[in-house]
Amino acid sequence: MAALGWLTRRRPSATARSVLAGEAAAEAARKSSQELAELVEPARDRADELPPEPTFPVVGDALAAAFFDLDNTVMQGAALFHFGRGLYKRQFFQRRELARFAWQQAWFRLAGVEDPEHMQDARDSALSIVKGHRVSELMSIGEEIYDEYMADRIWPGTRALAQAHLDAGQKVWLVTAAPVETATIIARRLGLTGALGTVAESVDGVYTGRLVGEPLHGPAKAEAVRALAAAEGLDLSRCAAYSDSHNDIPMLSLVGHPYAVNPDAKLRKHAREREWRLRDYRTGRKAAKVGIPAAAGVGALAGGTVAAIALHRRRR
């Protein structure tokens, strides 16, 4: 990825950055999927416990695949924030930075949408934290963090949908703004094909603190799916995509079988207008399910939660 670093420093246009991010994600995803395919025992945590889930007929089609957003679609909450909790536990950063993670997670869970400012802040924080660390080190830690904070937050219904595609012989990819290393760990643990995620630049296996292109968010996700489909010889009109966020409408619009899963208000409206399929696995009020890092401390927790509630009410 080092050869691509000059592109991030010359500040190309937003469209160019999206294309660059998408192509980098597709390249990383194909490489990681080949590595996953070589594993002797691809793990599928508690696969036998999945509840039956009605799906549209999934045909074993070599030209079809499925693309799943991660945050609030496959997993409750945001992977990047859970990853931050794990890094804090391992003393990668200080308490005041964890308070910011707590506030961002509170907003994400209450509002049910990705706020661009919060996502950029989280991205910048994550890049500064991992700068100078080895990729292999973060991958090893990521395995532990998955077990500690993520494994129990997978939506069983969404996982059943993914499994239906796998059982039909189709490839299944995560598509997320989370770091590709984190996304690849989650994909492997769920027995999926691989993951498209944000690619952080590294030189000689060490993070530089810069991205390749931009975070894999919004239009960049669509570019990544398009690039991967071209490389894999897929027919997007025969593919499926799943997301909770209106930010992913560009990705959902690429495929012939778009799904709105746990949708935010804008995506729900858009999906109904276009007669897209909907699935909602949430129960009760969103505010009842807010998950904040326990290590954040009472003061940061209360302040972050109250601020999130206030903003949520003001923006409705």
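FYI, it's all coordinate maths here, none of it is from the lab. A quick note: this is a predicted structure, and the numbers were derived from the prediction, not measured. Neighbour counts run over all protein chains shown; Cβ positions are idealised from the backbone, glycine included.
General observations
- Once the Cβ-Cβ distance of Arg282 and Ser136 is raised to the sixth power relative to R0 = 51 Å, the FRET efficiency obtained is 0.90.
- Residues in the stretch 69-83 carry Karplus couplings, in order, of 4, 9, 5, 6, 10, 8, 10, 5, x, 10, 4, 4, 6, 5, 4 Hz; the curve used is 6.51 cos²θ - 1.76 cosθ + 1.60 with θ = phi - 60°, and Gly or Pro positions show x.
- Packing-based ranking, highest mean first, of 172-180, 70-78, 234-242, 266-274 given that Cβ atoms within 10 Å are counted: 172-180, 70-78, 234-242, 266-274
- Debye intensity ratio in log₁₀ form over the Cα atoms of the stretch 189-249, taken at each q of 0.13, 0.14, 0.21, 0.29 Å⁻¹: -0.46, -0.53, -1.02, -1.25
- Taking amide hydrogens as placed 1.01 Å from N in the peptide plane, the amide H of Val175 sits under 5 Å from those of Phe68, Asp69, Leu70, Leu196, each at least 5 positions away in sequence or on another chain.
- Net +/- balance of residues flanking Gly205 in space, Cβ distance below 11 Å, scoring K and R +1, D and E -1: -1
- Computed from backbone phi, the HN-Hα couplings of the stretch 270-283 come to 4, 5, 5, 4, 9, 6, 6, 6, 10, 9, 9, 9, 7, 10 Hz, rounded to whole numbers (Karplus: 6.51 cos²θ - 1.76 cosθ + 1.60, θ = phi - 60°; Gly and Pro given as x).
- Counting neighbouring beta carbons within 10 Å and listing from fewest to most, the residues Val203, Val135, Val19, Val130 come out as Val203, Val135, Val19, Val130.
- Set Lys89/Lys171; Lys171/Lys266; Lys89/Lys266; Lys131/Lys266 screened for pairs whose C-alpha atoms are more than 31 Å apart: Lys89/Lys171; Lys89/Lys266; Lys131/Lys266
- Close amide-amide hydrogen proximity is noted between Tyr281 and Asn262, each under 5 Å apart and 5 or more residues distant or on a separate chain (H modeled in the peptide plane; Pro and chain starts excluded).
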